[in-house]
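J.: Pasting in a structure now, in structure tokens, and then I'll have a few things to ask.
The values are calculated or read from the model by the stated rules, or taken from the named source; none is laboratory data. Being a predicted model, the structure only gives us computed values, none of them experimental. Counting neighbours? That spans all protein chains shown, and the Cβs are built from the backbone with ideal geometry, glycine included. For accessibility, only protein heavy atoms count, side chains too; no ligands or nucleic acids. Shrake-Rupley method; radii C 1.70, N 1.55, O 1.52, S 1.80 Å.
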Amino acid sequence: MSGARSRVLAYDAAAVPAELAAQVEALEARAWPGAAPGHDPALAPRALLLLDAAGAVAASLTLLHKEVRHAGRTYRAAGLSAVVTRADARGRGHGGHLVAAARAALAERPGPDLALFSCDRELAPFYAAAGFRALPGAVLVGGTPEDPLATDAPGFDKVVMAAFFTAQADPAAFAGTRIGLYSGTIDRLW
């Protein structure tokens, strides 16, 4: 990847300039046909965009945030969502660079206690290379308590990835457990 010619920009999701927002929406529509664009504003979505040398979006992702109650404690949690790289820009390290930038942004203070998200099993090494780690036996449960969506649902082959940023967030408290995100009906899982 030509890091000197690409750059990462961060925006509150509602403040992404219209031209860049249209490019992100088109990328997401190709990656996930039929999915509604955007994220629940209650999750404080923050867009990270990697622009190529021409100023076009080569890769994008959204950071989502909420408090998560788990094992009797409340944690400030973040997750990665809608990670996508433009088809003609793949294989150049753009996605990895952007995911590593996201992890670095999350680690800044004050930040979340931890990051949690799920990915397809074959993508776990990609996220691990950017500093996240698989949480053995962990299951994320999104949706709502009345209509849950879990990463161990039939037909899913997901791995829960994590990064821990504060001493309050003990990895042992999360491994091998069901973690209730209950993100809602717009973002069923992040």
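J.: Is it possible to state the helix-based mean residue ellipticity at 222 nm for the chain, with each DSSP H run of 4+ residues giving -39500 (n - 2.57), the sum divided by total residues, to the nearest 500 deg cm²/dmol? What is it? Mind showing how you got there, number by number?
T.: Working: 3 runs with 34 residues, N = 190.
Computed mean residue ellipticity for the chain: -5500 deg cm²/dmol.
J.: Same structure, new question: When you count, for each residue, the other Cβ atoms within 10 Å and take the mean per peptide, how do 179-188, 87-96 rank with the highest first?
T.: Working: 179-188: 18.5, 87-96: 15.9.
For the peptides 179-188, 87-96, the packing ranking is 179-188, 87-96.
J.: Name the chymotrypsin sites (Phe, Trp or Tyr not before Pro) in the range 108-161 that are in a loop by DSSP and that have at most 16 other C-beta atoms within 10 Å, would you? Could you put the intermediate results ahead of the total?
T.: Working: sites: 117, 126, 127, 132, 156; in loops: 132, 156.
Answer in residue order: 156.
J.: What dipole magnitude, in Debye to the nearest 20, does the chain give about its Cα centre under +1 on Lys/Arg Cβ and -1 on Asp/Glu Cβ?
T.: Using only the charged Cβ atoms, the result is roughly 480 debye.
J.: Could you tell me how many degrees, from 0 to 90 and to the nearest 10, lie between the Cα long axis of helix 94-107 and the main elongation axis, the longest principal axis, of the Cα atoms of the chain?
T.: On a 0 to 90 degree scale, this one is about 50.
J.: Averaged per residue, what accessible surface does the range 32-180 expose to a 1.4 Å probe, in Å²?
T.: That works out to 45 Å² for each residue.
J.: While we're here: Among the GluC sites (Glu not before Pro) in the range 84-190, which ones are in a DSSP loop with at most 13 other Cβ atoms within 10 Å of the Cβ? Mind listing them? Numbers along the way, then the final one.
T.: Working: sites: 108, 122, 146; in loops: 108, 146.
Within the range 84-190, the qualifying GluC sites (Glu not before Pro) (loop, at most 13 other Cβ atoms within 10 Å) are 108, 146.
J.: Hey, what angle do you get for helix 18-31 against the long axis of the chain, alpha-carbon based, 0 to 90 degrees rounded to 10?
T.: 60
J.: Express the carbon and sulfur contribution to the solvent-accessible surface of the chain as a percent, rounded to the nearest whole number, probe 1.4 angstrom. Could the numbers behind the result be given before it?
T.: Values: 5030 of 9240 Å².
Result for the chain: 54 percent of the exposed heavy-atom area is carbon or sulfur.
J.: Round to the nearest 0.05 the FRET efficiency obtained for residue 36 and residue 170 when R0 = 45 Å and r is the Cβ-Cβ distance.
T.: On the way: r = 36 Å, r/R0 = 0.79.
After rounding, the FRET efficiency stands at 0.80.
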